[in-house]
Amino acid sequence: MRQYLDVKSRYPDAIVFFRLGDFYEMFYEDAVYVARVLDLTLTTRDKGKEDPVPMCGIPHHAARTYLARLTELGHRVALCEQLEDPRAVKGIVKRDVIRVVTPGVVLDEELLDPRTPSFVAAAAGDGRRGYGLAFLDVTTGDFRATEAATAEALLEEIGRVAPRELVLPRGQGQVQDQDGEALAALVRGAFPMLPRANVDGGGDAAAELAKALGAGFDARAAERAPRAADAAAAVLRYAGATQPGAELPVARLALYARADALVIDEQARRHLELAESLLDRRRAGSLLDVLDETKSAMGGRRLRAWLLFPSVDLDAIRRRHDAVERLVAAHGARDRARKLLGEMSDLERLVGRARLGVATPRDLAALGRSLALLPSLAAALAEAHAGELRGAAAGEVDLLRLGTDGQAPLGGALGAEIAAELLRVLRPDAPALTKDGGYVNAGVSAELDELRDVAAGGRDRIAAIEARERERTGIPSLKVRFNSVFGYYIEVTRAHLASVPADYRRKQTVANAERFVTAELGEFEQQVLTADERRIALELEIFAALRAKVAAVAEPLLALAGRVAVVDTLAALAEVAHRGGYCRPVVDDGGVVELADARHPVVERLAAAGSFVPNDIRLDPAAEQILIVSGPNMAGKSTLIRQVALAVIQAQMGGFVAARAARIGLCDRIFTRVGAGDNLARGESTFMVEMRETAKILRQATARSLIVLDEIGRGTSTYDGVSIAWAVGEHLHDKIGAKTLFATHYHELGALAETHPRVRNVSVAAREWKGEVVFLRKLVAGGASRSFGVEVAKLAGLPGTVIERARAILRTLEAEGAGGADVPRPVAPAHADDGPQLGLFGVATPALPAALREVPIDRLVDIVAALRGLDPDELSPRAAHDLLAALAKKLTPRS
Ligand code: ADP
């Protein structure tokens, strides 16, 4: 118990798993707590004594499930192992903590989500000097840090990085303690569920980092970002302490500035449903879900990073587009490359595990197999690379080069060399456990082969002994056998007991026979066992050397793995572009965003094939800077304005865009203020939240930003709402100049365009037909004439009597409302006739004849438009025939 208490005193913040034989035991409060949350039986140690110690245990082979549960709950677990073989020592076995598993520092594959990084982060700094944020994925060695001037920016970056655990340095002086408290309160408020940990404040962060990283540390860059360095040092200190005795293999710190990537704030990330859906926070229904056609886990992580951190570097973006374009065109090569990528294991994490010294024989065999696929992958890519590019000015595509063509020795020579070595040494079916050996190939070590011969030869020896003893004793049924309790023995059936010679020693009586041992058998057994022990030890030695060899070249291997991950991501983007009919966007540093026949990639995927109505949209800071998008509820306003933001994100992450053609002027930030009510869980009033978010947008947006506002001002009374929306619109127009999409069902806002030259009114068309609302989903110039609220309510199934009553009230209100209110009013119900008139045609959703429901609505619109301006008397019979044929063709579903 003293040993336990000693360990526990060194890891007071962790639950200690104390290894006793085949069990991990927990004691005292740890035992009481864990027994409760994991539903284990709580027992006591030293029962008879006065103060029995509470205790509970789990079988060590089942530890992973329990570890997973405890880290999920935000706990740290210290694994205290036996450092000596209990059979070999007298007295107390030496034990110590070999590693600490924390929510953010996890090495066990089973506890990791393959497609998301596992970051442990640290924040440092204060409101005066600014903040630093650093994060590290120990499984891959990915280690980055940045600075944030304000608490707001810090919290946003934490949200974007989505660490599993956040470390806060504990101050030493009093002032620092206060700052530490403030920082802790800040983080607790914003991320109440994020597990937090403390680490003692260090001295000179730069010196600490230089010592740990050596050449991988850029001291000059760190000087310019001292808070980032503080945070980075804190992460390293924390993560390092989880691997006592072992060196934490982190080679390099990448310092970045938040402005190096398109800034997507938390609201935008959530409302645009980039990585998870708003509704249930699951991946299904998100843009990531549509885009993630990667074949490997490392590719999945990379795609996610590109999506959440799109680039603002024109050259980098164009390089990605070049590669995607080539991969789109080269069907065969793309298919082959993706198939190979699908056969690859997670190179990054496998190399990471080798470097940490925890890779198993199965891991390294998988690494060997995966690396051996690289030449074929490189060949497929070279084929794609040979393809023509449409953009004549396109530069060299190096993203598709894996370097088997001698261009970079890395992929070719090193990968091949390591692959060959791994495949030579390890059996393809190598197990995850080393305790029984059996994973090293024959022919690798002469000594090992010899030891195996002894074991195999053992079988012949046994047969020989058996034959000889039968001969000698005259007992034909005599057998030599083995069991784990007392090793080799000779079994003689009861009937022949009389013939047993005197040199047999009786060992055991069983149902029908007696078992004996002899001096010869004992000696033989010793030999075999020794050989076997030696064999297992030797295999382990060979394996450890192999793992060290991989670890020694971990850096270049990780670089290679990173390139493979990039290729997988590009191939996925190409696959999605090909299947979805996306276009390569023209990206430039002009401010214009222009989309032809644009769709919403997620809504389109969920809609019936061909039923999504594409739209043209143009935003130009010099002309149509602000689009006021009106239209009834359910018309498709939100979908439309979000699809513009998604197009910008997709383009800047390096992908193609769901449109026929696209021009994207680089954006620096994307803001959204969409929907209401989803923040209620945090206990704030909807309106307050909405205004706070709007305030932030007005504070942070620049002329290069894209702003998507959906129904702002909705959380308060109509007049308040309209007034606020109006003032926000003016500010964006006069002061900021950001491209803005402003969806609203306040028609009154339309009048902004009268006085502000860069404001345009557009609406998503809907028409009324026989008391039903018909959604055309087409964007037309001019504001919506009316809101169709009652019709939408009817569509939603409100009872007929209620609908009738609502109509009556609406008529009265409309008649009264003509008399002036202090709200800005649109001058005219602008251009009510601009859109195609479908009222008589009967394209109403419920009333539409079954045969017509197959026809995309925009075609019906075209048909009506074609017929409308027509004078039949003017048409020649020939022209009339052609027109009729063309119209009939349009009516054929899916022509
Ligand atoms: P609003 O914001 O105007 O209330 P939404 O954008 O939420 O409307 O769209 C309402 C529904 O219409 C969505 O569920 C979507 O599936 C569908 N929809 C939106 N835009 C289109 C489109 N262009 N083509 C087909 N369906 C669409």
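What the table below lists for this structure:
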| quantity | calculated |
| --- | --- |
| Neighbourhood net charge (14 Å Cβ-Cβ; Lys/Arg +1, Asp/Glu -1) for E417 | +1 |
| Relative contact order for the chain, counting Cα pairs under 8 Å that sit 6 or more residues apart, in percent | 9 percent |
| Gyration tensor (alpha-carbon) shape descriptor, the chain, a/c threshold 1.5 | prolate |
| Carbon plus sulfur fraction of accessible area for the chain, probe 1.4 Å, in percent | 54 percent |
| Per-residue SASA entry for M691, accessible area with 1.4 Å probe, Å² rounded to 10 | 40 Å² |
| Solvent exposure ordering (accessible area, 1.4 Å, most first) of S477, S611, S296 | S611, S477, S296 |
| The range 290-336: projected area of the alpha-carbon convex hull, averaged over directions, in nm² | 3.8 nm² |
| Label-point gap, in nm, between V89 and R506 - each point 7 angstrom along Cα→Cβ | 4.2 nm |
| Cα centre as origin, Lys/Arg/Asp/Glu Cβ charges: the chain dipole, Debye | 1200 debye |
| Ranking by accessible area, most exposed first, for H331, H731 with a 1.4 Å probe | H331, H731 |
| Unit charges at the beta carbon, dipole of the chain: most positive-side option, A662, F775, L70 | L70 |
| Low-density loop positions, trypsin sites (Lys or Arg not before Pro), the range 45-124 - DSSP coil, at most 14 other Cβ in 10 Å | K47, K49, R87, K90, K94 |
| Residue order for K549, K889 - accessible surface, 1.4 angstrom probe, largest first | K889, K549 |
| Stokes-Einstein translational diffusion, the range 495-572 - Kirkwood Rh over all Cα pairs, 1.306 mPa s, 10 °C, in µm²/s | 87 µm²/s |
| Nearest 10 degrees, 0 to 90: helix 374-385 Cα axis against the chain principal axis | 20 degrees |
| Per residue solvent-accessible surface (Å²) - the range 544-635, probe of 1.4 Å | 34 Å² |
| Angle between the chain longest axis and helix 877-891 axis [Cα atoms, degrees, rounded to 10] | 40 degrees |
| Folded to 0 to 90 degrees: helix 637-653 orientation relative to the chain principal axis, Cα | 50 degrees |
| C-alpha center-to-center spacing [the range 1-66, the range 260-277] in angstrom | 43 Å |
| Surface per residue (accessible, 1.4 Å probe) for the range 106-165, Å² | 29 Å² |
| DSSP bridge orientation in the chain - percent antiparallel, rounded to nearest 5 | 65 percent |
| Prolate/oblate/rounded label for the range 550-664 (Cα gyration tensor, a/c 1.5) | prolate |
| The range 586-784: C-alpha gyration tensor shape, a/c 1.5 cut-off, then a/b vs b/c | rounded |
| Structure-based [θ]222 nm, the chain - -39500 (n - 2.57) summed over DSSP H runs of at least 4, per residue, nearest 500 | -13500 deg cm²/dmol |
| Accessible area expressed per residue, the range 446-541, with surrounding protein chains retained (probe 1.4 Å, Å²) | 60 Å² |
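The values are calculated or read from the model by the stated rules, or taken from the named source; none is laboratory data. What you see is a predicted model; the values in this text were computed from it and never measured. With ideal geometry, Cβ positions are generated from the backbone for all residues, glycine too; neighbour counts draw on all protein chains shown. Heads up: the accessible areas ignore ligands, DNA and RNA and are worked out on the full protein's heavy atoms, side chains in. Shrake-Rupley method; radii C 1.70, N 1.55, O 1.52, S 1.80 Å.
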